[in-house]
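A.B. asks: Submitted below is the structure of interest, expressed as structure tokens.
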Amino acid sequence: MNRQDYYRAVLLGVIVGMSFLSLFYVFLSPEEDVKPTEPPKPIIEVVGTYKECDVVRYTPDNSARYSYFLDCKK
């Protein structure tokens, strides 16, 4: 057995071993039912008033950053 045959055997063993480990992981891993713990917050919400106008809080793309604006419909 020369060096090239040895490297082929090692590479084939690694490929077969990783394939079996991947199959075991995919088929034997427990299924996880991930459910949200709280309902999503509204994107637009009236949080107060200022001089007869509503103060509206806007959350773009459910991020942690808030933007505020005044809504003066009256």
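Please treat every number below as a calculation from the coordinates, not as lab data. Keep in mind that this is a model prediction, so the values were computed, not measured. Don't worry about glycine lacking a Cβ; one is built from the backbone with ideal geometry, like all the others, and counts go over all protein chains shown.
A.B. asks: For Cα pairs less than 8 Å apart in space and 6+ apart in sequence, what is the mean separation divided by the residue count of region 3-71, i.e. the relative contact order in percent?
C.D. replies: Dividing the mean separation by the residue count of region 3-71 yields 17 percent.
A.B. asks: For the chain, which chymotrypsin sites (Phe, Trp or Tyr not before Pro) are both in a DSSP coil and crowded by at most 14 other Cβ atoms within 10 Å?
C.D. replies: Passing sites in the chain are TYR66.
A.B. asks: So which trypsin sites (Lys or Arg not before Pro) in region 1-72 end up in coil per DSSP with only 16 or fewer other C-beta atoms within 10 Å?
C.D. replies: Qualifying residues, ordered by number: LYS51, ARG65.
A.B. asks: Further question on the same structure: Measure off 7 Å from each Cα along the Cα-to-Cβ vector at TYR6 and SER29, then give the distance between these two points in nanometres to one decimal.
C.D. replies: Using points 7 Å along Cα→Cβ, the separation is 3.6 nm.
A.B. asks: Which of [x] 1.38; [y] 2.58; [z] 1.54 is the computed Cα Rg over 2.2 N^0.38 Å for the structure on display?
C.D. replies: The calculated read-out lines up with [y].
A.B. asks: While we're looking at this one, here's another question. Please give the helix 3-28 orientation as an angle from the longest Cα principal axis of the chain, in degrees from 0 to 90, rounded to the nearest 10.
C.D. replies: Approximately 40 degrees, to the nearest ten.
A.B. asks: Still on this structure: GluC sites (Glu not before Pro), restricted to region 9-74: which are DSSP loop and have at most 12 other Cβ atoms within 10 Å?
C.D. replies: Qualifying residues, ordered by number: GLU31, GLU32, GLU52.
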